[in-house]
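Q: There's a structure below that I have some questions on.
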Amino acid sequence: MKLYFSPLACSLAARITLYEVGASEVSLVEVDPKTKRTRPDGVDFTTIHPLALVPALELDDGGLLTENAAILQYLAERFGEGRLAPEDALGRARLQQWLGFIGTELHKALFVPLLDKQASKEARAYALAKEESRLGYVDRALAGREHLLDRFSVADAYLFAILNWTAVTPVSLRRYRALADYHARLRDRPSVARAFGEERTLYAKELARRGLSFIVGESGSRS
Ligand SMILES: N[C@@H](CCC(=O)N[C@@H](CS)C(=O)NCC(=O)O)C(=O)O
């Protein structure tokens with residue numbers, strides 16, 4: 001199995017999940033987000049996923065699984081023995097509730113317009129207008145809790161990956177105490193620290209290839 005990823009993109013959640021469950025049989029293949037070619041082999045990623053979006057999981061039978069929510073649940077199910085995704089009906093629905101919320105309300109609605117250099121001023125302002133309601137909602141949900149569900153799940157891996165993008169957007173977690181503490185706590189989790197550390201290094205190399213420099217600090221970024 002191969003997981004296609006780009007450094008510090010939303011695919012970081014799948015890498016965290018792999019480290020969390022110890023699935024060493026899945027190999028990781030880097031995709032350069034600008035050229036859409038794999039590294040170091042230079043395969044045109046659009047021949048693998050026509051939309052060239054990461055994450056994408058190439059299965060052993062050659063099939064391709066796409067969409068973060070589906071990939072994360074599949075990895076949890078296949079390798080996690082119920083540890084990273086609840087198996088009861090309500091628990092699974094709650095997990096899907098958070099995966100859906102993170103994917104639509106945070107990833108696409110809030111952060112994409114702020115990260116996309118092609119987004120107009122109006123599109124960025126429209127997205128930013130949603131910040132307080134969307135992040136305030138998660139902040140309140142996390143008050144007094146360690147994780148989104150009763151224990152660490154793939155939804156936490158996804159939320160961690162998205163929250164890293166505050167480093168390169170006008171969104172600051174300082175206004176959201178519970179969320180800021182949650183993000184800092186997760187950064188110390190061994191699977192997260194390993195995945196984040198590795199992708200920060202790869203991201204710095206990616207920028208260097210483009211002649212850009214970036215101080216990759218405590219928070220990550222994806223531009
Ligand atoms: N709906 C997809 C979205 C994935 C996505 O937006 N991936 C970004 C990285 S975070 C990407 O590959 N962007 C490249 C592009 O838009 O060309 C999912 O949930 O997996």
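The values are calculated or read from the model by the stated rules, or taken from the named source; none is laboratory data. On a predicted model such as this, the values are computed, not experimentally measured, just so you know. Note that we place each Cβ from the backbone using ideal geometry, even for glycine, and neighbour counts take in every protein chain shown. Remember, those area values only see protein heavy atoms, side chains included, never the ligands or the DNA or RNA. Shrake-Rupley method; radii C 1.70, N 1.55, O 1.52, S 1.80 Å.
Q: What is the stretch 68-131's relative contact order, in percent, from Cα pairs under 8 angstrom and six or more apart in sequence?
A: It rounds to 22 percent for the stretch 68-131.
Q: Oh, and also: Please sort by residue number the trypsin sites (Lys or Arg not before Pro) in the stretch 84-125 whose DSSP state is loop and whose Cβ has at most 14 other Cβ atoms within 10 Å.
A: Sites meeting the loop and neighbour criteria: Lys117.
Q: Longer than 22 Å from Cα to Cα, which of Lys36/Lys121; Lys2/Lys34; Lys36/Lys130; Lys36/Lys108; Lys130/Lys205 are they? Say none if no pair is.
A: Beyond 22 Å between Cα atoms: Lys36/Lys121; Lys36/Lys130; Lys130/Lys205.
Q: Also, quick follow-up: Could you grab the relative contact order for the stretch 1-128? Cα pairs under 8 Å, six or more apart, rounded to a whole percent. Could the numbers behind the result be given before it?
A: Working: 145 pairs, mean separation 25.8, N = 128.
Averaging sequence separation for qualifying contacts and normalising by length gives 20 percent for the stretch 1-128.
Q: With the contact rule set at Cα under 8 Å and sequence spacing of 6 or more, what percent relative contact order holds for the chain?
A: Relative contact order for the chain comes out at 24 percent.
Q: Which trypsin sites (Lys or Arg not before Pro) in the stretch 6-47 sit in a loop by DSSP (not H, G, I, E or B) and have at most 10 other Cβ atoms within 10 Å of their own Cβ?
A: Filter output for the stretch 6-47: Lys34.
Q: May I ask which residue of Pro86, Leu18, Leu114 lies farthest towards the positive end of the charge dipole of the chain, with charges of +1 (Lys, Arg) and -1 (Asp, Glu) on Cβ and the Cα centre as origin?
A: The residue sitting farthest along the positive end of the dipole is Leu114.
Q: Working with all protein chains in place, sort Val43, Val54, Val192 by solvent-accessible area computed with a 1.4 Å probe, largest first.
A: Val43, Val54, Val192
Q: Sort largest first and round to whole Å: the equivalent ellipsoid semi-axes of the stretch 31-94, each the square root of five times a Cα gyration tensor eigenvalue.
A: 29, 12, 10
Q: Considering only DSSP beta bridges with both partners in the chain, what is the antiparallel share in %, to the nearest 5?
A: 70 percent
Q: Could you give the longest part of the chain that holds none of the GluC sites (Glu not before Pro) found in DSSP loops with at most 15 neighbouring Cβ atoms within 10 Å?
A: The segment 147-217 is the longest one with no such site.
Q: Largest first and in whole Å, give the semi-axes of the stretch 70-172's equivalent ellipsoid, each being the square root of 5 times a Cα gyration tensor eigenvalue.
A: In descending order the semi-axes read 28, 15, 11 Å.
Q: Convert 4 °C to kelvin, take the viscosity as 1.567 mPa s, use the Kirkwood radius over C-alpha pairs of the chain as Rh, and evaluate the Stokes-Einstein diffusion coefficient in µm²/s, rounded to a whole number.
A: D = 73 µm²/s.
Q: Next up: Considering only protein heavy atoms and a 1.4 Å probe, what is the carbon-and-sulfur percentage of the accessible area of the stretch 11-109? Please list the in-between numbers first.
A: Numbers: 2410 of 4750 Å².
Roughly 51 percent of what the probe reaches on the stretch 11-109 is carbon or sulfur.
Q: Shifting gears a bit: If you place +1 on the Cβ of every Lys and Arg and -1 on the Cβ of every Asp and Glu, how big does the dipole about the Cα centre of the stretch 2-152 come out, in debye to the nearest 20?
A: 580 debye
Q: Applying the Karplus parametrisation 6.51 cos²θ - 1.76 cosθ + 1.60 with θ = phi - 60° to the phi angles of the stretch 18-35, what ³J(HN,Hα) value in whole Hz is obtained for each residue in order, glycine and proline being reported as x?
A: 4, 5, 4, 9, x, 8, 6, 6, 8, 9, 9, 10, 7, 10, 6, x, 8, 8
Q: Right, next: Take every DSSP beta bridge with both residues inside the stretch 1-119 and express the antiparallel ones as a percent of the total, to the nearest 5. Spell out each step's value before the answer.
A: On the way: 9 of 13 bridges.
Antiparallel: roughly 70 percent of the beta bridges in the stretch 1-119.
Q: Let me ask you something else. Of Leu75, Leu179, Leu212, which is the most mobile in a GNM of the chain whose springs link Cα atoms less than 10 angstrom apart?
A: Of the options given, Leu212 has the highest mean-square fluctuation.
Q: With a 1.4 Å probe and every protein chain left in place, work out the accessible area per residue of the stretch 1-115 in Å², rounded to a whole number.
A: 44 Å²
Q: Just want the answer: with Cβ charges of +1 for Lys and Arg and -1 for Asp and Glu, which residue in Leu75, Gly103, His49 is farthest toward the dipole's positive end in the chain?
A: Positive-most Cα among the choices belongs to Gly103.
Q: Now, a different point. Which percent of the accessible area of the stretch 115-223 is formed by carbon and sulfur heavy atoms (probe 1.4 angstrom)?
A: Working: 2890 of 5680 Å².
The nonpolar share, carbon plus sulfur, comes to 51 percent.
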